[in-house]
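> Got a structure here, written out as structure tokens. Questions coming.
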Amino acid sequence: MSSQEAEYHSNDFDWEELRERIEDDPTLAYHFLPQSPSSSSSSSSSSLDSQSWNHFHSRHSTGKFFKERRYLFKEFPELASCGEYSKVLEVGCGNGSTALPILRCKESILVFACDCSTEALDRATENIQASNVVSASSRFRPFCWDFSTCRSPKWLMCDSCYKTSLPKQSMSLLDFDNCETDATNIASSKEGECCIGGMDFVTLIFTLSAVPLHRMYTAVAECFSVLKPGGLLLFRDYGLYDMTMLRFEADQRVGFREYKRSDGTRSYFFSLDIARDIFLSAGFIEVELEYCCVKSVNRRKQKTMHRVWVHGKFQKPM
Ligand SMILES: C[S@@+](CC[C@H](N)C(=O)[O-])C[C@H]1O[C@@H](n2cnc3c(N)ncnc32)[C@H](O)[C@@H]1O
């Protein structure tokens, strides 16, 4: 089974059984130790995080690292059945692996795509321009935005629309620094309109895990604020006890369930409880939230891999 095909299947094994096996294994005990405050994630700077992602994207700029996530429509069929001229914001678009299949699935869909890394935005633009998708270049609107430290650009959601869309819990967002976001290449809102009026969908696909845990709550509240009432946030990311978590060494831990790779990029592994808390605190309604547990075999190494992802759909109340 190819890895893309494998991702359709979500129940190859029971997550609770995996949890018991891992928590009983003394060689993995370092993953559960309390973290000392000196090594905690709160010391990380957002510009260092962006730099690490810039380096990552310049090192992985060749075509072989670009793989469209075509399986997304199985997981999120509402993307394929959405109305004409729907607007999607792909947060942390990377090289465009999620943006391109969305543009491909509907000729009228508009994809706004942000990333904190300008290298990522360049890669995504190149990949979209090189595709044979109808009017993809004009329907793809890339812009630089660190959604964990800066307010969304005003053309996406102006101040007055932003305030009226805020739930009580996330009012602290108004304390954000007024960071400048690079809005070049973006068609600004039409004259006389306050902003483009928000998104029908926000996709967060393997992006939230790259943000330090303590910044995830404000980051998700920003996603909430740019959605139209009734809009959907589609979430897929690393799940607790995924094989890639267990490969991290003790000295790569930077927080509880948080790790830093040698290139400086980070990864968090979500339990359902934490994911639920983050999205519900921002004001979302839970539509779907589950572990996807996929067993795949590496034939070359004769090894069975237990992959765990978290799949979620959350709605902004009407
Ligand atoms: C693993 S890639 C996922 C890319 C894409 N969503 C996909 O489906 O392949 C994570 C991306 O998130 C971006 N990213 C990390 N932290 C971010 C932040 N705080 N704000 C915006 N983008 C961020 C990284 O630059 C990287 O391109």
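The values are calculated or read from the model by the stated rules, or taken from the named source; none is laboratory data. Treat the numbers as computed from the prediction; the structure is a model and nothing was measured. Note that each Cβ is placed from the backbone with ideal geometry, even for glycine, and that neighbours are counted across all protein chains shown. Quick note on the areas: whole protein, heavy atoms, side chains included, nothing else; ligands and nucleic acids left out. Shrake-Rupley method; radii C 1.70, N 1.55, O 1.52, S 1.80 Å.
> From (1) more than 12 Å from the chain's Cα centre (by Cα); (2) open to solvent by less than 10 Å² (accessible area, probe 1.4 Å); (3) not β-branched (V, I, T), pick out the condition that doesn't hold for K228.
(2) is the only condition that K228 fails.
> On to the next question. For segment 86-103, which residues satisfy the criterion of being surrounded by fewer than 21 Cβ atoms within 10 Å (Cβ to Cβ) and more than 14 Å from the ligand (Cβ to nearest atom)?
S86
> Ok, one more. Confirm whether L280 is open to solvent by 30 Å² or more (accessible area, probe 1.4 Å), on the phi < 0 side of the Ramachandran plot and in contact with a Leu (Cβ under 7 Å, 6 or more places away or on another chain).
So L280 does not fit the description; no.
> So, one more: Which residue is farthest from P317 (Cα to Cα), if the candidates are limited to segment 218-233 and must be more than 13 Å from the ligand (Cβ to nearest atom) and of a type in the set (G, A, S)?
A221
> Checking T218 against (1) open to solvent by 10 Å² or more (accessible area, probe 1.4 Å); (2) farther than 21 Å from S160 by Cα; (3) among the hydroxyl-bearing types (S, T, Y): exactly one of these is not met. Which one?
Tallying (1) open to solvent by 10 Å² or more (accessible area, probe 1.4 Å); (2) farther than 21 Å from S160 by Cα; (3) among the hydroxyl-bearing types (S, T, Y), T218 fails exactly one: (2).
> State the number of residues belonging to segment 30-53 that are open to solvent by less than 40 Å² (accessible area, probe 1.4 Å) and either modelled with pLDDT of 80 or more or within 19 Å of C116 (Cβ to Cβ) (or both).
7
> If I go through segment 119-149 residue by residue, how many of them are within 13 Å of the ligand (Cβ to nearest atom) and touching a Lys or Arg at 6+ places or on another chain (Cβ under 6 Å)?
Number satisfying all stated conditions: 1.
> Among the residues of segment 119-137 satisfying the criterion of being among the aliphatic types (A, V, I, L, M) and within 21 Å of the chain's Cα centre (by Cα), which is surrounded by the fewest Cβ atoms within 10 Å (Cβ to Cβ)?
Going residue by residue through segment 119-137, those that are among the aliphatic types (A, V, I, L, M) are 120-121, 124, 128, 130, 133-134, 136.
Adding the requirement that they be within 21 Å of the chain's Cα centre (by Cα) leaves 120-121, 124, 128.
On the way: A120: 26, L121: 24, A124: 27, I128: 22.
Filtering segment 119-137 for residues that are among the aliphatic types (A, V, I, L, M) and within 21 Å of the chain's Cα centre (by Cα), the one surrounded by the fewest Cβ atoms within 10 Å (Cβ to Cβ) comes out as I128.
> Still on this structure, I have one more. Take the residues in segment 104-118 that are within 13 Å of the ligand (Cβ to nearest atom) and either assigned to a loop (DSSP other than H, G, I, E, B) or over 17 Å from the mean Cα position of the chain (by Cα) (or both), then tell me which one is nearest to G197 (Cα to Cα).
Taking the candidates together, the pick is C116.
> Evaluate segment 13-27: report whether one residue or more is in a loop (DSSP other than H, G, I, E, B) and at pLDDT below 90.
No, every residue in segment 13-27 fails to be in a loop (DSSP other than H, G, I, E, B) and at pLDDT below 90.
> From the list D237, D242, pick out the single residue that is within 17 Å of T265 (Cβ to Cβ), within 13 Å of the ligand (Cβ to nearest atom) and modelled with pLDDT of 95 or more.
Checking each option against the conditions leaves just D237.
> When you go through (1) under 17 Å from A130 (Cα atoms); (2) touching an Asp or Glu at 6+ places or on another chain (Cβ under 8 Å) one by one for H57, which number turns out not to apply?
(1)
> Starting from residues that are closer than 18 Å to V133 by Cβ and aromatic (F, W, Y), keep the ones in segment 60-85 and report whichever is farthest from the ligand (Cβ to nearest atom).
Checking each candidate, the answer is Y85.
> Given the criterion in contact with a strand residue (DSSP E or B) (Cβ under 9 Å, 6 or more places away or on another chain), modelled with pLDDT under 95, closer than 24 Å to H57 by Cα and not acidic (D, E), identify the matching residue among L72, L89.
The unique qualifying residue is L72.
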